Amino acid sequence: MPVSLADILALLPEILLSLGALLLMMTEVFLAGARRGYQALLAALFTAAAFAAFLAQRGGGPRVLFGGFAVSDGFALFAGATICAGLLVTVVLGAGFLAPRSAERGEFYALALLAAAGMCLLVRAEDLLFVFIALELMSVPTYALVAYLRTGDRPSEAAFKYFLLGAFSSALFLYGAALVFGATGRTSLSGIAAAGGGKLLLAGLALVIAGLSFKIAAVPFHMWAPDVYEGASTPVTAFMAVGVKAASFAVLTRILVTAFGAPALAAVWQPLVVALALLTMVFGNLLALTQRNVKRMLAYSSVAHAGYLLVAVAAASRGFSGPSARGEAVSSLLFYLAAYTLTTAGAFGALAALERMGPDPQPWDLDRFAGLAKRRPWAAAATAMLMLSLAGIPPTVGFIGKLLVFKAAVDAGLVPLAIAGVLASVVGLYYYLRVVVVMYMQPAPLGSVPTPASWPLDLVLVATATLVLLFGLAPAGLANAALSSTGLLGG
Amino acid sequence: MILPSAYLVVGALLFGLGLCGVLVRRNALTAFMSVELMLNAANLTFLAFARHPLRGAPSLDGSAIAFFVIAVAAAEASVGLAVVIAVFRSRGTVEIDALRSLRH
């Protein structure tokens, strides 16, 4: 395997993230007595550097790295930048959330940076072995992060559920990869596409899709999501909802389009993905309807959003649509991922800002939002903007994202699926707007103690809400960036 | 001489056993062991296909993957056992049915 310096330089974002993680662990060894405020700053600096490295690489054309193990193409760079943006929000959330709880440690940031390095490697993986290793590099630190804040029973329980189902899904994926390897004799995605295969390949494909469906929390593989999202500390939940989902969607799309993009195979997986999308949109929204616990509501909402993203994946199947329609679908997926990342990370930030210290039987009840508009008008306005974006109401970026995804579905001939998606998102209006109504229309319950404001959390809220509005009013820049990032190497 | 397909059958059986184990067993450690069984089933399948490919010449790709999977599974096991210990410390049992504080 020929390795050149250019190959290693192409992995600069991942190297920066890993270096940052190692450095943060060292600070915990050598500077443990000192105040820890600098750790968040350090983590944010390395994350911003990785983000900048992704942007800086956008100029060059697509390249194969390490003799075909990984690629550097527009798709990977856009998804990687999105992941780094999600990580940046997580780091700031972590600083604002953990410091008042005296739980700020270098490990938290180190684990998050390592997991993000895994995610960034995952989105550029071009070989089943590379996919598996990156998948595990993403998952294993995340299991530990879920158990990070060890107060009460919830985090360890959530960590166990996430670990068991995460390891289970990795094993499903790996066995599927073994069958694909057996059917084709290849492990590289483009090699698999060139080789083709029979029933064994289809069995492997089904297992690979099932394994990744757990990671993206698609119905019926979503059972773990509400429990794990609720039990993990809120910054970690934001990280899982944003980073893990974005990276898993990117790799799922790459595998399906690159390795299984032949028309005969696409005819097999497209109906599967359509069915998953339909189930996920319908059940994600219906299950979110009944939740008074806002954290669980947001968990189901992230399941529902996986459904909309699956619509874009289904539209990207090459067998039914031409190359231009596929480009449109992939770009809508990327745009939606970016929009979803901003909005969801911000929404969990709103939740973190309202969470009380100390034991609390119902920390995330809808009542916590009551009277927020009077108490903290700016935070309430930002939260309202994020909820509107999640619901897909103009002038927010969430609306543009849904518009692009459903348009791509219609252009790919999936009109019924697009209609189902629109209807499902109408159901979603109810539970998102309910939060806004409670904030603005209901007075705070008598005797309730408001949570003190924390500037990093307010910063996250205002920054994400501003960006959501900005990209909603002027989406052309982001949409063009997504449109020029659809070149999947080998696809 | 053992037929090449025998390895695949054993791999499939191990995978099926692991799958059933995760879904049926109510003890955290047993469920965890079942996942390890599934990973090893995948490993065996990779090795069998590497040694006796259905098409083309035997390649080292499958064997290389098996080595990586062993290392990754070890890392996963260490984090997994730490999580199981955290569960045991917080409630004194590792029965999955006792994990019900996160239920609607």
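If a paramagnetic tag sat 7 Å from the Cα of A:I15 along the Cα-Cβ line, which residues of segment A:114-130 would have the backbone N under 20 Å from that point?
A:114-126
If a/c stays under 1.5 just call it rounded; otherwise compare a/b with b/c (prolate if a/b is bigger, oblate if not). Do that for segment A:266-391, with a ≥ b ≥ c from the square roots of the Cα gyration tensor eigenvalues.
On the way: a/c = 3.67, a/b = 2.16, b/c = 1.70.
Judged from the Cα gyration tensor, segment A:266-391 comes out prolate (a/c at least 1.5, a/b above b/c).
Please report A:I15, B:I85 as a ranked list, fewest other C-beta atoms within 10 angstrom at the top and most at the bottom. Intermediate values should be presented prior to the final figure.
Numbers: A:I15 15, B:I85 12.
The order, fewest Cβ neighbours first, is B:I85, A:I15.
Once both labels are modelled 7 Å past Cα along the beta-carbon direction, what's the B:R100-A:M357 spacing in nm?
Going by the 7 Å Cα→Cβ label model, 3.4 nm.
I'd like the distance separating the alpha-carbon centroids of segment A:449-491 and segment B:40-75, in whole Å.
When both Cα centres are located, 42 Å separates them.
Fewest Cβ neighbours within 10 Å first, please rank A:K374, A:K407, A:K199 accordingly. Intermediate results must be reported in sequence, preceding the final value.
Numbers: A:K374 12, A:K407 15, A:K199 9.
The most exposed by this proxy come first: A:K199, A:K374, A:K407.
Projecting each Cα onto the charge dipole of segment A:130-203 (Lys/Arg +1, Asp/Glu -1 at the beta carbon, about the Cα centre), which of A:P155, A:A195, A:F132 comes out farthest on the positive side?
Of the options given, the answer is A:A195.
Report the FRET efficiency, 1/(1 + (r/R0)^6), for A:L5 and B:C20, where r is their Cβ-Cβ distance and R0 is 56 Å, rounded to 0.05. Don't skip to the answer; put the middle values down first.
Values: r = 49 Å, r/R0 = 0.88.
That gives a FRET efficiency of 0.70.
List the residues of segment A:179-193 whose backbone N lies under 19 Å from a point placed 7 Å from the Cα of B:A12 along the Cα-to-Cβ direction.
Those under the cut-off are A:179-185.
With 21 Å as the cut-off, how large is the P(r) tail for segment A:145-264, expressed as percent of Cα-Cα pairs? Please report the intermediate quantities before stating the final value.
Working: 3082 of 7140 pairs.
The proportion of pairs with Cα distances above 21 Å equals 43 percent.
Only four residue types carry charge here, +1 at the Cβ of Lys and Arg and -1 at the Cβ of Asp and Glu. Report the dipole size of the protein assembly as shown about the Cα centre in Debye, rounded to the nearest 20.
Details: 36 positive and 25 negative charges, 141 e Å.
In total the dipole reaches around 680 debye.
Run the numbers on segment B:4-99 and let me know its relative contact order in percent, using alpha-carbon pairs under 8 Å that are six or more apart. Please list the in-between numbers first.
Numbers: 88 pairs, mean separation 27.0, N = 96.
With pairs under 8 Å counted, the relative contact order is 28 percent.
On a full-extension model of 0.36 nm per residue, what is the gain between A:K374 and A:A275, subtracting their alpha-carbon distance, rounded to one decimal in nm?
Taking 0.36 nm per residue and subtracting the Cα distance, the gain is 31.2 nm.
Normalised by the number of residues in segment A:42-192, what is the relative contact order in percent for Cα pairs under 8 Å and 6+ residues apart? Show your work: numbers first, answer last.
Values: 157 pairs, mean separation 31.2, N = 151.
Relative contact order here is 21 percent.
Could you work out the relative contact order of chain A, using alpha carbon pairs under 8 angstrom and six or more residues apart, expressed as a whole percent? Display every interim value, and only then the final one.
Numbers: 884 pairs, mean separation 79.5, N = 491.
Relative contact order here is 16 percent.
Of B:F15, B:F49, B:F67, which has the largest mean-square fluctuation in a 10 Å C-alpha GNM of chain B?
B:F67
Hey, what's the per residue convex hull volume over the C-alpha atoms of segment B:4-99, in cubic angstrom? Kindly include the intermediate steps, with their values, before the conclusion.
Values: hull volume 7.0 nm³, N = 96.
Taking only Cα atoms, segment B:4-99 has a hull volume of 73 Å³ per residue.
Tell me the label-point distance for the pair B:R89, B:A75, using the 7 Å Cα-to-Cβ offset, in nm and rounded to one decimal.
Label-label distance for B:R89 and B:A75, simple model: 2.3 nm.
Can you give me the C-alpha center-to-center distance between segment A:363-386 and segment A:33-63, rounded to a whole angstrom?
31 Å
Using only atoms on other chains, find how many Cβ atoms lie within 10 Å of each Cβ of peptide A:150-159 and report the average. Walk me through the intermediate numbers first.
Values: counts 3, 1, 2, 8, 3, 5, 12, 12, 4, 7.
Per residue, the number of nearby Cβ atoms from other chains is 6 on average.
Hey, rough spin-label estimate for A:Y430 and A:L41, points 7 angstrom out along Cα→Cβ, what's it come to in nanometres?
4.9 nm
Could you give the radius of gyration (one decimal) and Dmax (whole number) of the Cα atoms in the protein assembly as shown, in Å?
Rg, Dmax (Cα atoms, Å): 22.8, 80.
With a 10 Å radius around each residue's Cβ, average the other Cβ atoms per peptide and rank A:434-440, A:389-395, highest first.
Details: A:434-440: 19.3, A:389-395: 22.7.
Highest mean packing first, the order is A:389-395, A:434-440.
Need the full-extension length gain, A:R58 to A:L22, defined as separation in residues times 0.36 nm minus the C-alpha distance. One decimal, nm.
10.3 nm
By the scheme Lys and Arg +1, Asp and Glu -1, what is the net charge of all other residues having a beta-carbon under 15 Å from that of A:G198?
Working: positive: A:R186, A:K199, B:R55; negative: none.
After counting each charged neighbour, the total is +3.
May I ask you to sort B:C20, A:C120 by Cβ crowding, counting other Cβ atoms within 10 Å and putting the fewest first? Mind showing how you got there, number by number?
Working: B:C20 12, A:C120 32.
By the 10 Å Cβ count, ascending: B:C20, A:C120.
Between segment A:231-254 and segment A:1-27, how many Å separate their Cα centres?
That distance is 22 Å.
Computed from the coordinates by the stated procedures, all read-outs in this text should not be read as laboratory data. Just so you know, these numbers come straight off a predicted model, no measurement behind them. Backbone-built Cβ (ideal geometry, glycine too); neighbour counts: all protein chains shown.
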